[in-house]
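The values are calculated or read from the model by the stated rules, or taken from the named source; none is laboratory data. The structure displayed is predicted, hence computed values, not measured ones. Don't worry about glycine lacking a Cβ; one is built from the backbone with ideal geometry, like all the others, and counts go over all protein chains shown.
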Amino acid sequence: MNPGGLDYNYEDWTTIMNMTAKTSVLNLTQEEFIYPGNRACSGCGLSILYRIGLKALGRDCIFVVPPSCLTVMQGLFPIAATQMPVLNCTFASTAAIATGVRAAMKRLGRDTQVVAWAGDGGTSDIGIQALSGALERVEDIIYICYDNEAYMNTGVQRSGTTPQGTLTTTTPLSGKAEASKNIPAIIAAHNPAYLATCSASYPLDFHDKLLKAKEIKGLKYLHIQTPCPPGWGCEERMTVEIGRTAVETGLFDLYEIEDGQMKLSGPSQKLLGKTSLRPVREYLEMQVRFKALSDEQINVMQAEIDQKWAGYRDTF
Amino acid sequence: MSDAIIESGNVAAAMAVQLARAEVIAAYPITPQTPVTEKLSELITSGEMDAEYVAVESEHSAMAVCIGAASAGVRPFTATSSNGLLYMSEQLHWAAGARLPIVMCVVNRGIGAPWSVWNDHQDAISQRDAGWIQIFAKDHQEIVDSTLKAFRLAELTHIPVMVNYDGYYLSHTYMPFETPEPEQVDAFLPTFEYKHALNPERPESLNTVTLPDARRDVKSIQRGGYMDLRHNLHEEMRLAIKVWQEIDQEFQKVCGRGGAPIIDPYRCDDADFVVVAMGSLANQFRDVVDRLRDDGLKVGVLALQIYRPFPNSIIAEALQSAKHVMVYEKGLSYGYQGALYGDIKSALYPYPSRPCLHNFIVGLGGRGIPTESLFQTVKTACVQDEQMSPAQADEPRWIGLQL
Ligand SMILES: Cc1ncc(C[n+]2csc(CCOP(=O)(O)OP(=O)(O)O)c2C)c(N)n1
Ligand code: SF4
Ligand SMILES: [Mg+2]
């Protein structure tokens, strides 16, 4: 049984049972939770996962959203592209606002899932304090960070997760000097109830991780990579291809952390069996934002990926 | 009505919040507000108060939790002081713009730099234009009563309310006060119902990007743009003066206290000289007034109980028969003059009688305000007949400088 068309390799039978219950294009609900037509750019990686994510989350949810591309995508007053209740909040306060909504749900005796959905800037930079607080208090919320690796809403400025060497409007000419921060690792250090990484190129993986997150108490953090054609400098049709290449080159890994245990997910786990992965150069050359990278920088990047995967092969 | 309790102002505030049945409390400690936070967490942990206590990691988040809870239809409360209030500033505007009925106690304290933990009003004054209603309490009883009434006001007007009281002078001193019985409060303050509360059964998108111009929704109904929403906030804030008066009357019926929700004049009826002040300073002036009266001077003190919305016509009318008005305050608009003074001056402008105005800055960062120096400055102002140029007369005078 291989519903996602992916070559899973789990030993544990219960896991396989859960796997078989996994969603495929055949049984993904046809119900839509957003209206056709929204303000996202064509080819937006976020819009793919937003649509599919809502299918997993269902109607009994309240969304908390800070300023970001998602704010605009969800619609401008008095028209909404989303069918969900949304509380738009200030940039730094997403996780704290979600805490307040969750506290209210508790008082009202409702199980309604509170979902904070923020960009990488809203999560890794200005919003990290509130998120750290919510993690430490073990708030019962789902927090989704969509990582397009820059402040896109304000016109592609560098963020904490922008990779080293990337061209943005605030790191012009030679690209960002500093390395990006590893937000999932920072979150993992808080010991959340559940942590997963996902990619716009594997929407059903995201879908099923959300299904799982919904069943877990505590703070569930999902970090999703969402390619962004205008910000990354690529054609709209390349979104899924780029996201997949990020995974297949071993640069962006799909994994889950539960009870402190990290486990690679399908598409990344599959790579463990391979002796060599696609070179990262393939990923970099697909995007204008990496034009300033020197061969030397690319070699360093490749070496880091190789080292990371050597470690994975030892661990898993 | 319970027997008189002797407790600190901070405990008085916490008891009022308990009686108001606030359901989500989020606060971050800062002197001199801290004991409110501690008391509420103690009441909740011991089971005496049925609420969620959220130990947030900052004031920005404290207000965020209140915004989240109120948007979901649950009554929140927070308290802060000084830099804590400023750290919330973005959230204050957000709460007001979102029209959320949040109540917050602000235990007034000077702002850093340099650090000061002592009292003045600059924290509240600096947030004057955030769209919050600002109430000033003069004593412990008013802390209790104003806080209870503030919940009603916020929920009727959909405008957040700040109940200010002086750090240390009120927060940490022990004074007698009474608290209403829970049934009395319940009769006065119904359960919070919010028709736009976040609810998956009636999904609404709150605080979305709003365009400069009005726009039709999917049902072709014209909806106001940003400026229209701001206009409504302003207009409804103006109406809040009347609502506050009505609430005070209701409260009086239930609890037997009140009667001076906007201004609280003391011996002002025949006064030629009227002192205007906010907070505990206004009460301190009562002794000064009594002594000056003994000296044969017709002096009164008028306490301003609500600073925003500014009750301009009520104040201006109350000052029509005064010859001199002395505004004493603990906060200013740097580079100009006392904020309250400027407001009173402009309130008087449309009226036929414009008394001579004097502005005194006192007590910044907890600088002592000896009653004797208040007595002397008022007396001097009353008896002086030296002619000052209009420009000189309009400058604030600083009392108690140690330069
Ligand atoms: C306090 C504050 N500072 C700055 C901004 C301006 N701002 C709005 S969205 C944004 C960038 C958002 O970046 P990210 O969270 O990565 O989301 P994206 O736009 O990339 O989707 C910025 C800087 C703001 N709204 N509030
Ligand atoms: S800028 Fe990027 S993230 Fe934002 S809507 Fe466009 S494609 Fe999506
Ligand atoms: Mg971004």
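Could you run through region B:1-33 and say how many residues are within 23 Å of B:ALA70 (Cα to Cα) and surrounded by fewer than 19 Cβ atoms within 10 Å (Cβ to Cβ)?
Residues flagged as within 23 Å of B:ALA70 (Cα to Cα) and surrounded by fewer than 19 Cβ atoms within 10 Å (Cβ to Cβ) within region B:1-33 amount to 2.
Six or more apart or on different chains, Cβ under 6 Å: which pairs go from a residue in region A:116-136 that's assigned to a helix (DSSP H, G or I) to one that's within 16 Å of ligand 2 (Cβ to nearest atom) and small (Gly, Ala, Ser)? Could you list them?
Note: pairs meeting the criteria are A:ASP120/A:SER159; A:GLY121/A:SER159; A:GLY122/A:SER68; A:ASP125/A:SER159.
Yes or no, residue by residue, for (1) facing chain A (nearest Cβ under 9 Å); (2) out of contact with any Ser or Thr (no Cβ under 7 Å at 6 or more places or on another chain); (3) surrounded by 19 or more Cβ atoms within 10 Å (Cβ to Cβ):
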residue: B:ALA51; (1), (2), (3): yes, yes, yes
residue: B:GLU59; (1), (2), (3): no, no, yes
residue: B:ILE67; (1), (2), (3): yes, yes, yes
residue: B:PHE77; (1), (2), (3): no, yes, yes
residue: B:GLY84; (1), (2), (3): no, yes, yes
residue: B:GLU90; (1), (2), (3): yes, no, no
residue: B:TRP94; (1), (2), (3): yes, no, yes
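For region A:43-68, which positions are surrounded by fewer than 24 Cβ atoms within 10 Å (Cβ to Cβ) and either outside any helix (DSSP H, G or I) or within 14 Å of ligand 2 (Cβ to nearest atom) (or both)?
A:GLY43, A:SER47, A:ILE48, A:ARG51, A:GLY58, A:ARG59, A:ASP60, A:CYS61, A:PRO67 - these are the residues of region A:43-68 that are surrounded by fewer than 24 Cβ atoms within 10 Å (Cβ to Cβ) and either outside any helix (DSSP H, G or I) or within 14 Å of ligand 2 (Cβ to nearest atom) (or both).
Show me the helices (runs of 4 or more DSSP H) entirely contained within region B:1-81 in which 3 or more residues are more than 24 Å from B:THR173 (Cα to Cα) and out of contact with any helix residue (DSSP H, G or I) (no Cβ under 6 Å at 6 or more places or on another chain).
By residue number, B:59-71.
When you check A:THR112 against the structure, is it more than 28 Å from A:THR161 (Cα to Cα) and more than 15 Å from ligand 1 (Cβ to nearest atom), yes or no?
Working: more than 28 Å from A:THR161 (Cα to Cα): yes; more than 15 Å from ligand 1 (Cβ to nearest atom): yes.
Yes: the conditions hold for A:THR112.
For residues in region A:123-156 being within 13 Å of chain B (Cβ to nearest Cβ) and near ligand 1 (Cβ under 7 Å from one of its atoms), which is nearest to A:THR169 (Cα to Cα)?
The qualifying residue nearest to A:THR169 (Cα to Cα) is A:ASN153.
Evaluate region A:222-238: report whether one residue or more is within 14 Å of another protein chain (Cβ to nearest Cβ), within 15 Å of ligand 1 (Cβ to nearest atom) and touching a Phe, Trp or Tyr at 6+ places or on another chain (Cβ under 7 Å). Give the derivation first.
From region A:222-238, those within 14 Å of another protein chain (Cβ to nearest Cβ) are none; that's our starting set.
Within region A:222-238, not a single residue is within 14 Å of another protein chain (Cβ to nearest Cβ), within 15 Å of ligand 1 (Cβ to nearest atom) and touching a Phe, Trp or Tyr at 6+ places or on another chain (Cβ under 7 Å).
Only residues that are farther than 25 Å from B:ASN119 by Cα and in contact (Cβ under 8 Å) with a residue 60 or more places away in the chain: list them for region B:308-364, please.
Those that are farther than 25 Å from B:ASN119 by Cα and in contact (Cβ under 8 Å) with a residue 60 or more places away in the chain: B:ILE314, B:PRO355.
Considering region A:52-71 alone, what residues qualify as being away from every other protein chain (no Cβ under 12 Å) and more than 16 Å from ligand 1 (Cβ to nearest atom)?
Listed by number, the residues that qualify are A:ILE52, A:LYS55, A:ALA56.
Of all residues being at the interface with chain B (Cβ under 7 Å from one of its Cβ atoms) and within 16 Å of ligand 3 (Cβ to nearest atom) in region A:72-103, which is surrounded by the most Cβ atoms within 10 Å (Cβ to Cβ)? Just the residue, please.
Per the criteria, the residue is A:GLN74.
Report, by residue number, each residue of region B:187-215 that is without any contact (Cβ under 8 Å) to a residue 40 or more places away in the chain and either at the interface with chain A (Cβ under 7 Å from one of its Cβ atoms) or part of a helix (DSSP H, G or I) (or both).
If the condition is that a residue be without any contact (Cβ under 8 Å) to a residue 40 or more places away in the chain and either at the interface with chain A (Cβ under 7 Å from one of its Cβ atoms) or part of a helix (DSSP H, G or I) (or both), then B:PRO200, B:PRO203, B:GLU204, B:SER205, B:THR208, B:VAL209, B:THR210, B:LEU211, B:ARG215 are the ones that fit.
Which of the numbered conditions does B:PRO176 fail, given that it passes all the others? Conditions: (1) outside the structural domain of B:TRP132 (by TED's automatic domain parsing); (2) in contact with a strand residue (DSSP E or B) (Cβ under 9 Å, 6 or more places away or on another chain); (3) not in a loop (DSSP other than H, G, I, E, B).
Tallying (1) outside the structural domain of B:TRP132 (by TED's automatic domain parsing); (2) in contact with a strand residue (DSSP E or B) (Cβ under 9 Å, 6 or more places away or on another chain); (3) not in a loop (DSSP other than H, G, I, E, B), B:PRO176 fails exactly one: (1).
Go through the residues of region A:53-69 one by one and say whether even a single one is basic (Lys, Arg) and touching a Phe, Trp or Tyr at 6+ places or on another chain (Cβ under 7 Å). Please lay out each step first, then the result.
Pass one, region A:53-69, residues basic (Lys, Arg): A:55, A:59.
From the residues that got through so far, the ones that are touching a Phe, Trp or Tyr at 6+ places or on another chain (Cβ under 7 Å) too are A:55.
Yes: region A:53-69 contains one or more residues that are basic (Lys, Arg) and touching a Phe, Trp or Tyr at 6+ places or on another chain (Cβ under 7 Å).
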